[in-house]
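Below is one structure, written out as structure tokens, with a few remarks after it.
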Amino acid sequence: MFKHVLVTGGAGFIGSHTVDRLLERGCRVRVFDNLDPQVHGGTDSPPEYLSKDAEFVRGDMRDRDALERALDGIDAVVHDAAMVGVGQSQYRIDPYIDVNVRGTAVLLDLIANGKTKVDRLLVASSMSIYGEGLYARASDGARVTPQLRPDSQLDAGDFEMRDPETGEALDPLPTPESKPLFCNSVYAQTKKDQEEYCLIVGRAHDLPTVACRFFNVYGPRQSLSNPYTGVAAIFSARIKNGNPPLVYEDGEQMRDFTSVHDLVRAKLLLLEDERAKNDVYNIGAERPASILEIARHLAALYGRPELEPRVVRKFRSGDIRHCFADTAKLKALGFQPQVALEDGLRELVEWGESQEAVDATDKAHAELVRHGLVRE
């Protein structure tokens, strides 16, 4: 295991859990985080949950001098820092590209040209870069990789993915790393850029690099007041404030919900395993669930089953129909998810009961409508 690890974005939800596991393994850990107000509520101090055994450095990924100091003495980097949110990225275009892409460029430039010899780089990528997942045509079993659903179909309230040739509804399949990428949001494109730049620089400079494609991650420490975070946290904020979860389309879209504990276990396996270098890996639970199922399950766990989800049958720009992980590559390295969806959601709710949550969902929805990013 590496001796001194830098975790960018390490004060955040996923980053802080990563810090905990690295410390448990005996690593020295330095956290580099800008404490984004949208995530951390405007505080000047790291969150209480961040281990005091980690060194905390507040800084912006685009600040070359600050990041250079943070890299001093580091032998491995876990790059989690990013602006997150598909919908918001469609109108906050400059900041998303600037933070996610230029921030990563500064990091790579320092690693390639700096004084510190980094021996391993792990970068957080995203399932959003696939666009739609993989599908099968029921009539002949052919594998299909469609792109966007036509506007005319969405306007008619038909949300299922259909074969562009035959018009038949397609059956969703687990999505492997080999599926062609088709980004349909600014956020997705920035994650694709992060992934590809890291792999390119890693190969050029003999720096073993791994890109981890996260699917829908949930668990304790998610920001319940950030309306652009994971859907489980957004639904939690609604329910805690006595409001029904807001569900787009018809709610039957399928996603892969992964406990943060399983995600971090997979990340550390990929950080350590030499077989994983210079490659990309899906990290998922391979237990697809519909958005509607998650909303109802959370309402029941919070003791508010009467808060039936409000299904608005509207489409947001950048959204896809179905995508869940094929994790055969990760399993070939010996990984198996351990947290069942029901247990993971229960843990999220138990943690969420003690947290303050500002429900900003309606405000975020209105902002998307104002920018013309919701189809009626």
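So, ASP33, is that one acidic (Asp, Glu), surrounded by 19 or more Cβ atoms within 10 Å (Cβ to Cβ), modelled with pLDDT of 95 or more and in contact with a helix residue (DSSP H, G or I) (Cβ under 8 Å, 6 or more places away or on another chain) or not? Yes: the conditions hold for ASP33. Within the stretch 59-87, if we keep just the residues that are assigned to a helix (DSSP H, G or I) and touching a strand residue (DSSP E or B) at 6+ places or on another chain (Cβ under 9 Å), the residue that is nearest to VAL374 (Cα to Cα) turns out to be GLY87.
So if I check each of VAL31, VAL84, VAL118, VAL106, which one is assigned by TED's automatic domain parsing to the domain that holds ALA232, aliphatic (A, V, I, L, M) and under 26 Å from GLY318 (Cα atoms)?
Numbers: VAL31 fails: under 26 Å from GLY318 (Cα atoms); VAL118 fails: under 26 Å from GLY318 (Cα atoms); VAL106 fails: under 26 Å from GLY318 (Cα atoms).
None of the others qualify; the one that does is VAL84.
Looking for something in the same structural domain as LEU224 (by TED's automatic domain parsing) and under 25 Å from ARG316 (Cβ atoms) - is there at least one such residue anywhere in the stretch 149-164? No, the stretch 149-164 contains no residue that is in the same structural domain as LEU224 (by TED's automatic domain parsing) and under 25 Å from ARG316 (Cβ atoms).
Taken over the stretch 219-246, the criterion of being part of a loop (DSSP other than H, G, I, E, B) and either at pLDDT below 95 or closer than 26 Å to VAL186 by Cα (or both) is satisfied by GLY219, ARG221, GLN222, SER223, LEU224, SER225, ASN226, PRO227, TYR228, THR229, GLY230, PRO245.
Of a type in the set (Gly, Ala, Ser), buried (at least 19 other Cβ atoms within 10 Å of the Cβ) and either at pLDDT 95 or above or more than 22 Å from PHE214 (Cα to Cα) (or both): which single residue out of GLY42, GLY9 fits that description?
Numbers: GLY42 fails: buried (at least 19 other Cβ atoms within 10 Å of the Cβ).
GLY9 is the lone residue from the list that is of a type in the set (Gly, Ala, Ser), buried (at least 19 other Cβ atoms within 10 Å of the Cβ) and either at pLDDT 95 or above or more than 22 Å from PHE214 (Cα to Cα) (or both).
Within the stretch 309-319, work out how many residues are crowded, with 18+ Cβ neighbours inside 10 Å and among the aliphatic types (A, V, I, L, M). Counting residues in the stretch 309-319 that are crowded, with 18+ Cβ neighbours inside 10 Å and among the aliphatic types (A, V, I, L, M) gives 1. Residues considered: GLU168, GLU249. Of these, the only one that is in contact (Cβ under 8 Å) with a residue 24 or more places away in the chain and not assigned by TED's automatic domain parsing to the domain that holds ILE291 is GLU168. Filter the stretch 247-266 down to the residues that are out of contact with any Lys or Arg (no Cβ under 8 Å at 6 or more places or on another chain) and either in a helix (DSSP H, G or I) or surrounded by 20 or more Cβ atoms within 10 Å (Cβ to Cβ) (or both) and list them by number. Result: GLY251, ARG255, THR258, SER259, HIS261, ASP262, LEU263, ALA266. Apart from one condition, ARG120 fits all of (1) in contact (Cβ under 8 Å) with a residue 40 or more places away in the chain; (2) charged (D, E, K, R); (3) farther than 21 Å from ARG213 by Cα; the exception is (3). Of the residues screened, GLU177 is one that is part of a loop (DSSP other than H, G, I, E, B) and within 25 Å of the chain's Cα centre (by Cα).
Contact map, the stretch 222-233: first residue farther than 11 Å from ASP359 by Cβ, second residue β-branched (Val, Ile, Thr) and in a loop (DSSP other than H, G, I, E, B), Cβ cut-off under 8 Å, separation 6 or more or different chains; pairs are GLN222/THR229; SER223/THR229; TYR228/VAL84; THR229/VAL84. Looking only at residues in the stretch 9-55 that are in a helix (DSSP H, G or I), touching a strand residue (DSSP E or B) at 6+ places or on another chain (Cβ under 7 Å) and not small (Gly, Ala, Ser), the one that is nearest to VAL84 (Cα to Cα) is ILE14.
Scanning the stretch 278-313 for residues that are within 22 Å of the chain's Cα centre (by Cα) and among the aromatic types (Phe, Trp, Tyr) yields a single hit, TYR281. The single residue among GLU306, GLU342, GLU350 that is surrounded by fewer than 20 Cβ atoms within 10 Å (Cβ to Cβ), assigned to a loop (DSSP other than H, G, I, E, B) and among the charged types (D, E, K, R) turns out to be GLU306.
Can you tell me which of ALA289, ALA364 is of a type in the set (Gly, Ala, Ser), outside any helix (DSSP H, G or I) and within 23 Å of VAL86 (Cα to Cα)?
Criteria check complete, one pass: ALA289.
If the condition is being assigned to a strand (DSSP E or B) and out of contact with any His (no Cβ under 6 Å at 6 or more places or on another chain), then the stretch 116-157 contributes ARG120, LEU121, LEU122, ALA124, SER125, SER126, LEU134, TYR135, ALA136, ARG137, ARG143, VAL144. The single condition among (1) in a loop (DSSP other than H, G, I, E, B); (2) modelled with pLDDT of 95 or more that PRO172 does not satisfy is (1).
Kindly indicate whether ARG69 is over 30 Å from THR361 (Cβ atoms) and touching a Lys or Arg at 6+ places or on another chain (Cβ under 7 Å). Full working, then the answer.
Working: over 30 Å from THR361 (Cβ atoms): yes; touching a Lys or Arg at 6+ places or on another chain (Cβ under 7 Å): no.
So ARG69 fails the test.
The values are calculated or read from the model by the stated rules, or taken from the named source; none is laboratory data. Since this is a predicted model, take the numbers as computed values, not measurements. Please note: Cβ atoms are built from the backbone with ideal geometry, for glycine as well, and neighbour counts cover all protein chains shown.
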